[in-house]
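To start, the structure under review is shown below, and the notes come after it.
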Amino acid sequence: MKKETFINEKIPHESAIKHVSGKANYTDDIPEPPGTLYGAIGWSKKAHAVIKKINLDEVIKSEGVIAVVTKDDIVGRNDVGPVFDGDPIFPKKAEYYGQPLYAVAATTTELARKAVLKAKISYKTLKPITTIQEALKKKSYVLKEKIIKKGEALKAIENSAYRLKGNFTTGSQEHFALEGQAAFVIPQEDNDFKVFSKTQHPSETQQIIAKMLKQKSNTITVETRRIGGSFGGTETQSFIFAAICTLLAKKTKRAVKLRVDRDDDIIITGKRHDFYSEYEVGFDELGVIKGLKLKLASRCGISPDLSGAINDRALLHIDNAYYLENILVENYLCKTNTASNTAFRGFGGNQGMMAIENIVDHIATYLKKDSAEIRRRNFYQKNKKNITHYNMKIEDNIMQEIFDQLIKSSNYKSRLLSIKKFNSENRYIKRGIAVTPVKFGISFTTWHLNQAGALVHIYFNDGSVHVNTGAIEMGQGTYTKIAQLAANALGLPFNKIKVSATRTDKVPNTSASAASSTTDLNGAATLNAISKIKMNLAAYVKRKYKIKNSEGIYENGIVKFKGKIFKFNKLVKEAYLNRVSLSSSGFYATPKIHFDKKTFKGRPFLYFCYSAAVSEVMIDVLTGENKILQADILHDAGKAINPAIEMGQIEGGFVQGAGWLGCEEVNWKTNGQITTHSPSTYKIPAVSDMPEKFNAEIFKKGKNIENVINKSKTTGEPPLMNAMSVFFAIKNAIASIGNYTKNPTLNAPATPEKILMSIKNLRKKI
């Protein structure tokens with residue numbers, strides 16, 4: 001009989017049918033008790049202003065309004081900042097356009113949204129800071145700048161055969177998840193509150209609300225069954241909506257639902273950090289980097305939010321796949337009068353990687369060499385040149401193998417020649433191609449977050465299993481993979497395992513579902529809980545049947561001990577009748593990691609993920625329009641738990657990354673008003689933006705050298721960085737206009753307008 005492992009199998013997502021049929025329940029689908037009210041938020045129409053007076057008389061008198069809340073209703077902490085204060089629920093002073101000032105609860109959502117518009121607010125307008133350049137000039141920062149140094153960068157640059165200078169910008173990005181921000185709060189007895197929130201971090205949501213109400217954490221229960229996409233947008237940005245919703249529920253003593261309109265969602269919430277870099281690089285005749293000086297600045301918004309950790313990760317990934325012997329980086333966290341920017345898939349790592357990739361690409365153009373060749377020459381090596389700028393030894397380096405395999409399988413070299421021929425024969429349509437590597441570190445850079453808990457029950461009457469963890473199902477298949485792991489560990493059919501909604505009263509003190517670590521952490525905690533139950537069963541069998549030194553083999557619904565075989569159902573029922581515990585909590589803490597943020601030295605990551613991508617594009621030099629013709633990806637997923645789910649992550653991440661670097665542009669007016677706040681003004685990739693040919697493959701030789709569940713590797717964030725190849729393919733197409741002799745000036749995202757501007761500037765240099 002074949003053993004049912006359920007590992008490395010393409011099992012469908014546990015909610016797949018519900019997702020595509022519309023039957024999946026999200027926060028807004030939760031049944032409402034009679035008398036439920038509906039919330040809406042009134043926000044600032046000024047980016048920087050003293051609020052002289054707020055007159056809410058007309059709001060209060062508006063049809064259907066039951067209650068209005070302001071800062072005066074907050075008895076505890078008036079702030080939702082996750083690490084530092086700076087993000088008040090309702091502020092004394094307006095610091096960005098869209099900042100919540102008050103909220104209402106009404107009998108319908110429509111009436112609530114109409115009511116908030118009737119406030120009369122008088123402002124004393126102040127001049128806002130809206131750009132990184134303004135913030136740098138005025139030394140406006142949310143946190144102290146950081147300087148990272150390895151070797152003698154300035155001396156190495158000075159002594160280099162060749163030197164280049166330049167600057168580069170990567171833009172912001174709106175999360176634009178299918179499900180918008182939402183919360184639903186039901187008051188309980190004893191002044192307790194049941195909070196349903198679209199959040200990646202139920203435990204911190206619980207803490208934020210408890211501090212706001214000046215209550216104990218045990219009076220707040222936060223539950224999340226699933227969320228319709230997040231990408232970092234609900235790691236901290238969901239807090240204010242859950243807090244306001246709870247405040248309304250407390251004041252009215254009724255259930256309140258707050259579902260934010262898409263425009264309001266985009267206006268109120270923070271986004272991906274845009275980054276600006278200035279660089280000076282020294283290199284030799286082969287293109288090998290000898291020294292690098294880099295100034296790196298990010299737009300953080302009004303508060304630190306998660307900017308400290310995000311900028312740290314940018315600094316940790318400034319090397320990408322390249323050995324940098326001498327490097328000096330100045331990092332500035334700029335305070336601007338815009339919503340506090342926040343977590344977004346990649347968490348700053350991809351902004352750092354884009355900075356170095358742009359530099360390597362610049363070197364290649366200057367030397368008139370293929371960029372793939374220059375990239376390869378700068379790779380970390382296995383036995384030497386394998387220490388990062390933060391002093392971590394790279395022990396699992398397979399970058400070169402993946403890179404070379406992809407170049408061969410994608411026919412990169414022959415396509416490069418045919419593209420050059422095509423460009424020489426076509427005046428108005430140009431093609432470009434690029435290959436880019438990815439080395440991405442996996443673990444939270446905040447040490448204490450690298451932990452997870454789980455709760456596992458086995459029910460004696462039918463042997464079914466209930467699993468609860470701190471993991472949030474965001475569509476990435478975490479619940480499915482955890483169920484696979486549990487089924488394999490207990491030798492049970494997949495349908496015997498139930499992974500339930502994440503709740504703070506079941507598994508407390510959870511970390512956010514983020515940092516590409518959700519399955520690693522929560523899957524390991526689940527297996528730890530199961531191992532404890534199996535120990536209970538083994539101890540019982542040993543005691544009852546006098547069997548020594550047998551842990552039991554679990555497969556196909558059978559449990560085998562030395563000298564005794566049980567059906568699983570029979571064993572657990574027998575154990576229950578003999579008062580053996582069939583329930584256990586589990587815990588896991590990531591081993592080996594340590595990192596000193598002051599010295600910027602240590603081992604912040606348990607392992608690295610590796611990937612490479614080749615993209616071919618076509619641009620119209622008259623309009624700037626562009627199209628991805630082909631994308632080839634080779635991704636290291638270790639021994640994948642579920643190849644189908646991993647492939648979905650790989651393909652989806654690439655498309656999202658292509659959006660960030662190609663068409664998704666966030667714009668603000670000089671007065672701080674965001675102008676790209678709806679689907680009509682903000683373009684996310686559509687089906688038509690997918691590559692015409694899309695060849696994605698999991699690296700077959702992949703295997704995690706660390707003791708991670710199933711020797712797997714994550715596919716959460718790293719695949720997004722494969723889209724760097726799209727940007728540099730576009731840049732390659734532009735470079736063809738100057739016969740590849742000049743470096744095009746191009747910043748991300750490479751919108752049609754920016755492509756046309758780049759072409760115009762390039763022609764001036766020719």
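The values are calculated or read from the model by the stated rules, or taken from the named source; none is laboratory data. None of these values were measured; they are calculated from a predicted model. Note that we place each Cβ from the backbone using ideal geometry, even for glycine, and neighbour counts take in every protein chain shown.
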May I ask you to verify whether PHE444 is more than 29 Å from the chain's Cα centre (by Cα), modelled with pLDDT of 95 or more and on the phi < 0 side of the Ramachandran plot? no
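This table checks each residue for (1) more than 37 Å from the chain's Cα centre (by Cα); (2) without any contact (Cβ under 8 Å) to a residue 12 or more places away in the chain; (3) within 30 Å of PRO718 (Cβ to Cβ); (4) in the same structural domain as LYS711 (by TED's automatic domain parsing).
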position: THR504; (1), (2), (3), (4): no, no, yes, no
position: THR519; (1), (2), (3), (4): no, no, yes, no
position: LEU527; (1), (2), (3), (4): no, no, yes, no
position: ILE530; (1), (2), (3), (4): no, no, yes, no
position: TYR540; (1), (2), (3), (4): yes, no, no, no
position: ARG543; (1), (2), (3), (4): yes, yes, no, no
position: TYR554; (1), (2), (3), (4): no, no, no, no
position: PHE561; (1), (2), (3), (4): yes, no, no, no
position: LEU571; (1), (2), (3), (4): yes, no, no, no
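For the range 91-108, give me the residue count where each residue is more than 30 Å from GLU32 (Cα to Cα) and either outside any strand (DSSP E or B) or assigned by TED's automatic domain parsing to the domain that holds THR670 (or both).
5
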Somewhere in the range 460-479, is a residue assigned to a helix (DSSP H, G or I) and more than 25 Å from ILE628 (Cα to Cα)? yes
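Yes/no matrix, rows are residues, columns are (1) part of a strand (DSSP E or B); (2) of a type in the set (Lys, Arg); (3) within 22 Å of VAL185 (Cβ to Cβ):
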residue	(1), (2), (3)
ILE60	no, no, yes
GLY86	no, no, no
VAL116	no, no, yes
TYR123	yes, no, no
Is there a residue in the range 32-41 that is closer than 24 Å to LYS124 by Cα and either touching a residue at least 24 places away in the same chain (Cβ under 8 Å) or within 26 Å of the chain's Cα centre (by Cα) (or both)? yes
Quick check on the range 496-509. Is at least one of its residues surrounded by fewer than 24 Cβ atoms within 10 Å (Cβ to Cβ), at positive phi and not small (Gly, Ala, Ser)? yes
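Residues in the range 495-503: is at least one among the hydrophobic types (A, V, I, L, M, F, W, C) and under 21 Å from THR27 (Cα atoms)?
Yes, that holds for at least one residue.
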Does the range 398-411 contain any residue that is surrounded by 24 or more Cβ atoms within 10 Å (Cβ to Cβ), assigned to a helix (DSSP H, G or I) and of a type in the set (Gly, Ala, Ser)? no
Collect the residues in the range 251-284 that are outside any strand (DSSP E or B), in contact with a Leu (Cβ under 9 Å, 6 or more places away or on another chain) and of a type in the set (S, T, N, Q), keeping them in residue-number order. THR252
Using beta carbons and a limit of 7 Å, which pairs, at least six apart or on different chains, have the first residue in the range 369-387 and among the charged types (D, E, K, R) and the second one loosely packed, with under 15 Cβ neighbours inside 10 Å and not in a helix (DSSP H, G or I)? ARG377/LEU286
Pull up the range 587-606, narrow it to residues that are on the phi > 0 side of the Ramachandran plot and in contact with a Lys or Arg (Cβ under 9 Å, 6 or more places away or on another chain), then point me to the one that is surrounded by the most Cβ atoms within 10 Å (Cβ to Cβ). PHE600
Index of the failed condition, LYS46 passing every other in (1) free of Cβ contacts under 8 Å to residues at least 60 places away in the same chain; (2) part of a loop (DSSP other than H, G, I, E, B); (3) crowded, with 18+ Cβ neighbours inside 10 Å; (4) not hydroxyl-bearing (Ser, Thr, Tyr): (1)
With the structure loaded, tell me whether LEU111 is modelled with pLDDT of 95 or more and not in a strand (DSSP E or B) or whether it fails that test. yes
Answer yes or no as to whether GLY657 is surrounded by fewer than 17 Cβ atoms within 10 Å (Cβ to Cβ) and either part of a helix (DSSP H, G or I) or not β-branched (Val, Ile, Thr) (or both). no
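Conditions tested, residue by residue: (1) assigned by TED's automatic domain parsing to the domain that holds ASN423; (2) of a type outside the set (Val, Ile, Thr); (3) surrounded by fewer than 19 Cβ atoms within 10 Å (Cβ to Cβ); (4) assigned to a loop (DSSP other than H, G, I, E, B).
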{"position": "VAL580", "(1), (2), (3), (4)": "no, no, no, yes"}
{"position": "SER585", "(1), (2), (3), (4)": "no, yes, yes, no"}
{"position": "PHE608", "(1), (2), (3), (4)": "yes, yes, no, no"}
{"position": "SER611", "(1), (2), (3), (4)": "yes, yes, no, no"}
{"position": "VAL614", "(1), (2), (3), (4)": "yes, no, no, no"}
{"position": "VAL617", "(1), (2), (3), (4)": "yes, no, no, no"}
{"position": "LEU622", "(1), (2), (3), (4)": "yes, yes, yes, yes"}
{"position": "LYS627", "(1), (2), (3), (4)": "yes, yes, yes, no"}
{"position": "ASP632", "(1), (2), (3), (4)": "yes, yes, no, no"}
What pairs come out if I take residues in the range 592-618 that are more than 21 Å from PHE727 (Cα to Cα) and pair them with residues that are among the charged types (D, E, K, R) and in a strand (DSSP E or B) whose C-beta lies under 6 Å away, six or more apart or interchain? ILE593/ARG603; HIS594/ARG603; GLY602/ASP596; PHE608/LYS439
Looking at ALA514, is it within 30 Å of GLY232 (Cβ to Cβ) and surrounded by 19 or more Cβ atoms within 10 Å (Cβ to Cβ)? yes
Which of the numbered conditions does GLY64 fail, given that it passes all the others? Conditions: (1) assigned by TED's automatic domain parsing to the domain that holds LYS214; (2) at negative phi. (2)
Residue among GLY270, GLY308 that alone is surrounded by fewer than 24 Cβ atoms within 10 Å (Cβ to Cβ) and modelled with pLDDT of 95 or more: GLY308
Listed residues LYS693, LYS700, LYS742, LYS713; which is more than 30 Å from LYS430 (Cα to Cα) and more than 21 Å from the chain's Cα centre (by Cα)? LYS700
So, ASN358, is that one in the same structural domain as LEU634 (by TED's automatic domain parsing), surrounded by fewer than 18 Cβ atoms within 10 Å (Cβ to Cβ) and out of contact with any Cys (no Cβ under 6 Å at 6 or more places or on another chain) or not? no
If you go through the range 246-263, how many residues are of a type outside the set (A, V, I, L, M) and crowded, with 21+ Cβ neighbours inside 10 Å? 4
Go through the range 684-732 residue by residue and tally those that are surrounded by fewer than 23 Cβ atoms within 10 Å (Cβ to Cβ) and among the aromatic types (Phe, Trp, Tyr). 2
